[in-house]
Amino acid sequence: PVPPPLTGTLMSALHALVSPAGLAALIAAAGCVQAGLGTGLLARFRWREERVPPGASLPPVTVLKPLHGDEPLLEEALESFCTQDYPHFQIVFGVQDAGDPAIAIVRRLRQRHPTRDIDLVVDPTVHGVNRKIGNLINMLPYARHDLLVISDSDIHVAPDYLRHVVHALAQPDVGLATTLYAGLPASRSLPRLLAACQINHNFLPGVMLSRYLGRQDCLGATMALRRETLDAVGGLKALAPHIADDAMLGRLVRERGLHIAIAPCMTWTTVGEASFGDVLTHELRWGRTVKTLEPAGYAASAIQLPLFWAAVSVLTNPHASWTWWVFFSVWAIRAVCAFLTDRLLAQRSLVPLLLLPVRDWLSAAIMVGSVSGTRVAWRGQTMHITPHSAIAPPTHPVVPGE
């Protein structure tokens, strides 16, 4: 028989586990496991990055870069594409406004790289409510090659980026190649550090783990495919009614029985939000979009916020010493994972480690705000997302500060 004191201890432990504080602590522990696995998978990915063999077949490529206004580090991001170590490629930049300030940047790039095959398309024609896709529709007739690489304007890449992407797309049964991306703060301001923290410490490890478990998502940093594949899924017009055009393109490619490959190289997206309001607007838009596309997956992603759950454990039982031990232990584990991730991404600042509790609470608030709404602000428009991820026509222009 179990001695009475031991029985009492076991009952107390069981009671603690089934209490709100105990359940929150269990979720926090699961989040730490997820963070550790994601960090390990990211480390393995970066260690396995290899240069594409020089003798590999490298067909000509057209890179499509839709632009919309000036952005922090825009010129640096675009120049990283002009300095690719690739034998034959064309870059098509596109804007929809003749007064767009990005035009001046493209002209400077042309002057610095006179031997590069660079085209600029200025076309205000509207094709649906997704202005990025509408811009791409205007640009596509100027693409001279059948292998297309679509990349967002704020993406920074290494010189061997195109080699990796083309090599990944050449693998059997691959219909689309994409790339991982990390957050690159345009400055050390607090809003930008918090936004980059979300990408690097929550989103990126989560993507690594979901990929390991079998998901094949298309990430908008890079969408590389053959022209015939794009035509087979309905062309760019099939993406025009959707705000999450990358997710929709990935779904259409998978429906044709083709795989989505992740090229073995890292890219970086500029984190340029100037204020906390910008951070909230951006993350709320994507939160509501993901919630509409993948409601179950979005709810499950709450596990990626272990410091939020550890704090909930403390708040529901503040007088128990064990909840405080849980909180600081979770913070230590998260800080180690974040530190390792930052080193893998060549980030050196230690400030994000101190921001982890704030970041998890902010992410939790974004999730709560995403549950009830469908209204999002995007590229100067206010739109509503339908349950099928289509976007209703814009209702009115976004008022600054709205």
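The values are calculated or read from the model by the stated rules, or taken from the named source; none is laboratory data. As the structure is a prediction and not an experimental result, all values here were calculated from the model. Neighbour counts run over all protein chains shown; Cβ positions are idealised from the backbone, glycine included. Each accessible area value is taken on the protein alone, full model and side chains, heavy atoms only, with ligands, DNA and RNA left out. Shrake-Rupley method; radii C 1.70, N 1.55, O 1.52, S 1.80 Å.
Can you give the convex hull volume of the alpha carbon atoms of the chain per residue, in Å³?
165
Considering only protein heavy atoms, what per residue accessible area in square angstrom results for the chain with a 1.4 angstrom probe? Can you show the working numbers first?
Numbers: 18100 Å² over 402 residues.
Result: 45 Å² of accessible area for each residue.
State the Cα centre-to-centre distance between region 267-297 and region 53-112 in whole Å.
Using only Cα atoms, the two centres lie 25 Å from each other.
Amide H to amide H under 5 Å from Val63: which residues, 5+ apart in sequence or cross-chain, H placed 1.01 Å off N in plane?
HN-HN under 5 Å from Val63: Gln90, Ile91, Val92, Val149.
What 222 nm value per residue comes from the helices of the chain, counting each DSSP H run with n ≥ 4 as -39,500 (n - 2.57) and dividing by all residues, nearest 500 deg cm²/dmol?
-15500 deg cm²/dmol
Mind checking which of Gly94, Ala43, Thr289 is farthest towards the positive end of the chain's charge dipole, using Cβ charges of +1 (Lys, Arg) and -1 (Asp, Glu) about the Cα centre?
Going by the charge dipole, the pick is Ala43.
For region 150-223, take the alpha-carbon Rg, divide it by the Kirkwood Rh, and send me Rg/Rh.
Reported Rg/Rh (Cα atoms, Kirkwood Rh): 1.01.
Lys and Arg at +1, Asp and Glu at -1: add these up for the other residues within a Cβ distance under 10 Å of Ala104 and post the number. Could the numbers behind the result be given before it?
On the way: positive: Arg107, Arg108; negative: Asp70, Glu75, Asp100.
Around Ala104, the surrounding residues sum to -1.
With the Cα gyration tensor of region 270-332 in hand, convert its eigenvalues to equivalent ellipsoid semi-axes via √(5λ) and list them largest first in whole Å.
They are 29, 17, 10 Å, listed from largest to smallest.
How large is ³J(HN,Hα) for each residue in region 218-227, as worked out from phi by the Karplus curve 6.51 cos²θ - 1.76 cosθ + 1.60 (θ = phi - 60°), to whole Hz, x for Gly and Pro?
Rounded to whole hertz, the list is 9, 9, x, 4, 9, 10, 10, 7, 7, 4.
If you stretched the chain out fully between Thr281 and Leu315, how much longer would it get, using 0.36 nm times the residue separation minus the C-alpha to C-alpha distance?
So the chain would gain 9.4 nm between Thr281 and Leu315.
Working out 0.36 nm times the residue gap between Phe339 and Ser372, then minus their Cα-Cα distance, what length gain in nm do you get to one decimal?
Gain on extension, Phe339 to Ser372, equals 8.4 nm.
Quick one: if the Förster radius is 45 Å, what FRET efficiency do Glu79 and Ser19 give, using the C-beta to C-beta distance and rounding to 0.05?
0.20
Take the Cβ-Cβ distance between Arg107 and Ala332 as r, set R0 to 51 Å, and report the resulting FRET efficiency rounded to the nearest 0.05. Spell out each step's value before the answer.
On the way: r = 51 Å, r/R0 = 1.00.
The value I calculate is 0.50.
Can you give the relative contact order of the chain as a percent, counting alpha carbon pairs under 8 Å and 6+ residues apart?
21
Toward the positive end of the charge dipole of region 108-229, about the Cα centre and with charges on Cβ (Lys, Arg +1; Asp, Glu -1), which of Ile199, Thr179, Met223 goes farthest?
The one lying farthest along the dipole's positive direction is Ile199.
Can you give me the span-like helices of the chain, meaning DSSP H runs with 27 Å or more of Cα extent along the axis and Kyte-Doolittle mean at or above -1.0?
What comes out of the filter, once short or polar helices are dropped, is 20-47, 321-344, 351-372.
Relative to the Cα centre, what is the charge dipole magnitude of region 89-169, using +1 at the beta carbon of each Lys and Arg, -1 at the beta carbon of each Asp and Glu, and rounding to the nearest 20 debye? Let's see the in-between values first.
On the way: 9 positive and 9 negative charges, 48 e Å.
The calculated dipole for region 89-169 is roughly 240 debye.
Under a Cβ-only charge scheme (Lys and Arg +1, Asp and Glu -1), can you give me the dipole magnitude of region 133-260 about the Cα centre, in debye to the nearest 20?
Its charge dipole is roughly 140 debye.
Using unit Cβ charges (K, R positive; D, E negative) and no other charged atoms, how large, in debye to the nearest 20, is the dipole of the chain about its Cα centre?
On the way: 33 positive and 31 negative charges, 96 e Å.
The calculated dipole for the chain is roughly 460 debye.
With a 1.4 Å probe and all protein chains kept in place, how do Arg348, Arg226 rank by accessible area, largest first?
Arg348, Arg226
Over all directions, how big on average is the projection of the convex hull of the alpha-carbon atoms in region 54-167, in square nanometres?
Across all orientations, region 54-167 yields a mean hull projection of 7.0 nm².
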